[in-house]
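First comes the structure, then the notes that go with it.
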Amino acid sequence: PPLYSVATADGMLREALRMELGGQYAGGNARMVEKVTRCRGEEFLYVGDHIFTDVNMAKRCLSWRTCMILQELEQEVVGLDQGREEGQQLRALMSRRDEYAALRCHVRSELQRRRAQRDDGGGGICGGDGDGGSGGGTPSEWEVSAVASEERLREAIEACEAQIQPMVETEGAHVNRYWGYLSRAGWADKSH
């Protein structure tokens with residue numbers, strides 16, 4: 001890109017061929033800056049306001065240290081504080097749903113194990129000892145109870161999901177109505 005030096009106090013620009021230490025410039029490129037300052041890589045601290053072009057590229061391509069200016073950060077911090085209670089409710093609900101899902105998985109696994117053992121005519125738990133089955137393919141009292149429990153857990157998971165979905169969609173909307181909390185990119189990300 002072309003290089004311009006700041007020629008006047010009001011900001012008029014003049015085309016320049018090279019940078020000189022102490023000058024004020026617009027345009028140019030990073031290698032010119034490294035050459036004139038005789039510094040490289042992490043000796044620089046690049047301050048920018050665009051995460052990709054300023055921060056990511058300077059760090060990845062030049063190995064410069066980077067600092068990002070986030071004008072939205074103050075509003076984000078205030079918004080996170082305002083949404084703390086709703087966020088705690090959402091996390092508690094998601095945790096409850098996960099506990100229900102783990103318990104349902106355990107019940108289903110045990111149910112499958114006992115059915116397989118019963119259908120194979122094996123002894124022990126399902127072999128007619130009163131604990132798991134009566135043999136011959138007939139469901140035991142435990143199996144009937146487990147199926148009912150699995151169904152209640154499925155319903156509880158669905159009820160949690162029905163509450164979670166609208167909460168996730170609106171979480172952080174008081175900060176940004178399109179994306180919610182900017183600091184949560186990647187977690188329940190709504191930017192796609």
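A few comments on the model shown:
- Computed over the chain with a Gaussian network model linking Cα atoms closer than 10 Å, the most mobile of Met94, Met32, Met57 is Met32.
- Of the beta bridges in the chain, as assigned by DSSP with both residues counted there, near 65 percent are antiparallel.
- With all protein chains in place and a 1.4 Å probe, the accessible surface of region 58-100 carries 49 percent carbon and sulfur.
- Matching the structure-derived Cα extents along the principal axes in Å against the labelled list [x] 184, 33, 20; [y] 97, 36, 23; [z] 48, 47, 47 gives the label [y].
- The chain, relative contact order in percent, only Cα pairs under 8 angstrom and at least six apart counted: 13
- Largest-first ordering by accessible area, 1.4 Å probe, given options Leu21, Leu90: Leu21, Leu90
- Between region 58-125 and region 1-34, the alpha-carbon center distance in angstrom: 51
- Rolling a 1.4 Å probe across the protein heavy atoms gives the chain an accessible surface of 70 Å² per residue.
- Remark: the chain carries a charge dipole of roughly 940 debye about the Cα centre, counting +1 on each Lys and Arg Cβ and -1 on each Asp and Glu Cβ.
- Options Leu3, Gly28, Leu17, ranked by Cα towards positive dipole end of region 1-49, top entry (Cβ charges): Leu17
- For region 33-128, with +1 on Lys and Arg beta carbons and -1 on Asp and Glu, the positive-most of Val78, Cys105, Val47 along the dipole: Cys105
- Largest-first ordering by accessible area, 1.4 Å probe, given options Trp142, Trp179, Trp64: Trp179, Trp142, Trp64
The values are calculated or read from the model by the stated rules, or taken from the named source; none is laboratory data. Fair warning: this is a prediction, and the values are worked out from it, not measured in the lab. Methodologically, a virtual Cβ is constructed for each residue, glycine included, from the backbone with ideal geometry; neighbour enumeration extends over all protein chains shown. Side chains are part of the model used for accessible areas, which takes the heavy atoms of the whole protein and leaves out ligands, DNA and RNA. Shrake-Rupley method; radii C 1.70, N 1.55, O 1.52, S 1.80 Å.
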